[in-house]
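Student: First the structure, then my questions, so here it is.
The values are calculated or read from the model by the stated rules, or taken from the named source; none is laboratory data. Here the structure is a predicted model, which is why all the values come from computation and not from measurement. As a convention, Cβ positions derive from the backbone with ideal geometry for all residues, glycine included, and neighbour counts pool all protein chains shown.
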Amino acid sequence: MKLLLFSDLHRDVDAARELVKAARQVDVVIGAGDFANRHQGLHDTLDILADIKKPAVLVPGNGETVEELREAASVWKSARVLHGSGCEISGQAFWGVGGGIPVTPFGDWSYDFSEEQAEMLLSECPDEAVLVVHSPPIDTVDHDSSGRIRGSQSIRDAVLAKRPHLVACGHIHSDWGKRINLNQTIIINAGPHGQIVEIKTA
């Protein structure tokens, strides 16, 4: 299965148009959150991305709530919004959890969750799924511009326990495009320009 991963569009319409083109060569498209800027401008990119006909899986970032994303993504007929929930595409399980994890320092506007809340949202993720999260697992692709790690312990624990084929994330802009392996799991901080990856499914 060939996947196009992206995150952190932040209203970038040019990047959205390029993703529409790139989607032609993949099976599934994954959007790992932050389509908006502080809850503003969700439709800027989603109205463009709605031209993608391939199945798509989206999670909210910390810049939009799951309710806001579901409303704005209603124009994108092939997309599903996940948050503490999953779906199956061509026999492959997907699980999604959005928002900033752990709680960010950005204040009340940020759509954030504690590690304890995230543990609950991740608890029913099936083994060997594709895990779509806005925030990275801690100490993976989560190094900010000062080198400090900013990811989530609960997401890392879920990766080690559930052994997903792939983790698609974003949130930490300074690590966009970076990919590592945690045991057998590929972890990619996607960024707005998109990353294409192929996984073997059962």
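Student: Looking only at region 70-117, how many residues end up being over 20 Å from Asp157 (Cβ atoms), assigned to a helix (DSSP H, G or I) and in contact with a helix residue (DSSP H, G or I) (Cβ under 7 Å, 6 or more places away or on another chain)? So that I can check it myself, show each step before the final result.
Tutor: Taking region 70-117 and keeping what is over 20 Å from Asp157 (Cβ atoms), we get 70-81, 87-92, 105-111.
Those still in the list that are assigned to a helix (DSSP H, G or I) too: 70-75.
Imposing the further condition that a residue be in contact with a helix residue (DSSP H, G or I) (Cβ under 7 Å, 6 or more places away or on another chain) reduces the set to 72-73, 75.
Residues meeting the conditions: 3.
Student: Can you find a residue in region 34-48 that is touching a residue at least 40 places away in the same chain (Cβ under 8 Å) and buried (at least 17 other Cβ atoms within 10 Å of the Cβ)?
Tutor: Looking through region 34-48, at least one residue is touching a residue at least 40 places away in the same chain (Cβ under 8 Å) and buried (at least 17 other Cβ atoms within 10 Å of the Cβ).
Student: Just give me the residues in region 1-51 being part of a strand (DSSP E or B) and more than 18 Å from Val132 (Cα to Cα), in sequence order.
Tutor: Residues satisfying the conditions are Asn37, Gln40.
Student: State yes or no: is Ser78 polar (S, T, N, Q) and surrounded by fewer than 17 Cβ atoms within 10 Å (Cβ to Cβ)?
Tutor: Judged against the criteria, Ser78 is a match.
Student: Can you tell me which residue is surrounded by the fewest Cβ atoms within 10 Å (Cβ to Cβ) among those in region 104-139 that are of a type in the set (D, E, K, R) and within 24 Å of Asn37 (Cα to Cα)?
Tutor: Here the answer is Asp108.
Student: Something else: (1) surrounded by fewer than 20 Cβ atoms within 10 Å (Cβ to Cβ); (2) under 17 Å from Gly33 (Cβ atoms): which one isn't true of Gly151, the others all being true?
Tutor: (1)
Student: Scan region 27-44 and give yes if some residue there is at pLDDT 95 or above, over 25 Å from Thr104 (Cβ atoms) and of a type in the set (A, V, I, L, M), otherwise no.
Tutor: Checked against the condition, which is being at pLDDT 95 or above, over 25 Å from Thr104 (Cβ atoms) and of a type in the set (A, V, I, L, M), region 27-44 yields at least one hit.
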